[in-house]
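K.L.:
Sending over a structure as structure tokens; questions will come in a sec.
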């Protein structure tokens, strides 16, 4: 690059930076919208299932039943209410006041005495919310199994000691969860939220830059300058590239300080990954901007082709492994998928460079394709 081209490019970049700083919508999307989205994903959206409204129907008056009721009341996952009539809880289930209930039948003591404990309880949950129903049923069953295996909580006279079944040979299982020991969904959602925010900043804002020039009638003035089409496109990318990196730092700082998100990797890995992701994000936005000469059309295309796939097909909310094979194949070209995967690695696992280099390699490939298509399409319209 000779001195004349460098000066021309710097003048265009400086002009674009000034235009960005004078654009309230760009500043709103870059700095205000990330704060709103982070607070929403941190507080309003949660994949944790706790404090589930649940009922215990007690039809038995025996000591074992009362002790089991106390065990349900002491748990930390279900918000338990006690009832004596199934019809009462059926009405509560229909109205949505509770998400399930467990029935302790009248012959509960006899079932325990003759070791039919596997069928001693009936657990019913509201299937209109499958994940909550499955979690609530698991909690209810787990509390019962823990109570059953405790030995001290069950009157000894209910058990026949002449059978092989005994509470003396109890196997204790200790569970360990890697990367997210508390199973806090916030630690999974917030890295994904950063990816969604960066997608919006990179793709949506860039999708408007050339379309805005066409709408305002200033594109002809740019085309009359000695600058080539590649120089014009490059000058429009650079400010948003820097803006995206600044937004990454701001979002990460908020996640670390306000929401307690761990950063087990390095800032170098985080910024390198984010800088690589900006290539396909900006390239896709630039391609949209060269195809659409209306800001409205450009924004709609950006939402349909960038934001929705990033939200639904990146693994942010829905696990990719559970998707049908054709959809899993489509996720391979969604750049946000590899960014979400990389962010979760950096935040929760650390600097696992073999994994990060794979993600960054795919992101660089997708970005090269988008930028190449943008340059190819714009060469016939911007060059002169």
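K.L.:
Which one of the conditions (1) exposed (fewer than 15 other Cβ atoms within 10 Å of the Cβ); (2) under 26 Å from residue 249 (Cα atoms); (3) touching a helix residue (DSSP H, G or I) at 6+ places or on another chain (Cβ under 7 Å) does residue 282 fail to meet, given that it meets all the rest?
P.N.:
Result: residue 282 fails condition (1) only.
K.L.:
Please indicate, with yes or no, whether at least one residue in the range 23-45 is outside any helix (DSSP H, G or I) and without any contact (Cβ under 8 Å) to a residue 12 or more places away in the chain. Before you say what the answer is, go through the steps one by one.
P.N.:
Going residue by residue through the range 23-45, those that are outside any helix (DSSP H, G or I) are 23, 45.
If we keep only those that are without any contact (Cβ under 8 Å) to a residue 12 or more places away in the chain as well, we get 23.
Scanning the range 23-45, I find at least one residue that is outside any helix (DSSP H, G or I) and without any contact (Cβ under 8 Å) to a residue 12 or more places away in the chain, so the answer is yes.
K.L.:
Hey, residue 361 hits all of (1) closer than 24 Å to residue 283 by Cα; (2) touching a helix residue (DSSP H, G or I) at 6+ places or on another chain (Cβ under 8 Å) but one; which does it fall short on?
P.N.:
(2)
K.L.:
Taking the options 363, 382, 348, name whichever one is at pLDDT 90 or above and either surrounded by fewer than 14 Cβ atoms within 10 Å (Cβ to Cβ) or on the phi < 0 side of the Ramachandran plot (or both).
P.N.:
363 is the lone residue from the list that is at pLDDT 90 or above and either surrounded by fewer than 14 Cβ atoms within 10 Å (Cβ to Cβ) or on the phi < 0 side of the Ramachandran plot (or both).
K.L.:
Of the numbered conditions (1) more than 20 Å from the chain's Cα centre (by Cα); (2) surrounded by 16 or more Cβ atoms within 10 Å (Cβ to Cβ); (3) closer than 13 Å to residue 204 by Cβ, residue 28 satisfies every one except a single condition; which is it?
P.N.:
Just one mismatch for residue 28, condition (2).
K.L.:
Next question. Out of everything in the range 303-345 that is in a loop (DSSP other than H, G, I, E, B) and surrounded by fewer than 18 Cβ atoms within 10 Å (Cβ to Cβ), what residue ends up being nearest to the chain's Cα centre (by Cα)? So that I can check it myself, show each step before the final result.
P.N.:
Within the range 303-345, the subset in a loop (DSSP other than H, G, I, E, B) is 313-319, 323-324, 332-334.
Subsequent filtering for residues that are surrounded by fewer than 18 Cβ atoms within 10 Å (Cβ to Cβ) retains 317-319, 323-324, 332-333.
Numbers: 317: 4, 318: 8, 319: 10, 323: 16, 324: 19, 332: 17, 333: 18 Å.
The selected residue is 317.
The rows are residues; the columns are (1) touching a helix residue (DSSP H, G or I) at 6+ places or on another chain (Cβ under 7 Å); (2) surrounded by 14 or more Cβ atoms within 10 Å (Cβ to Cβ).
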position	(1), (2)
20	yes, yes
59	no, yes
62	yes, yes
65	yes, yes
69	no, yes
83	yes, yes
95	no, no
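The values are calculated or read from the model by the stated rules, or taken from the named source; none is laboratory data. Note that this is a predicted model, so its numbers are computed, not measured. Please note: Cβ atoms are built from the backbone with ideal geometry, for glycine as well, and neighbour counts cover all protein chains shown.
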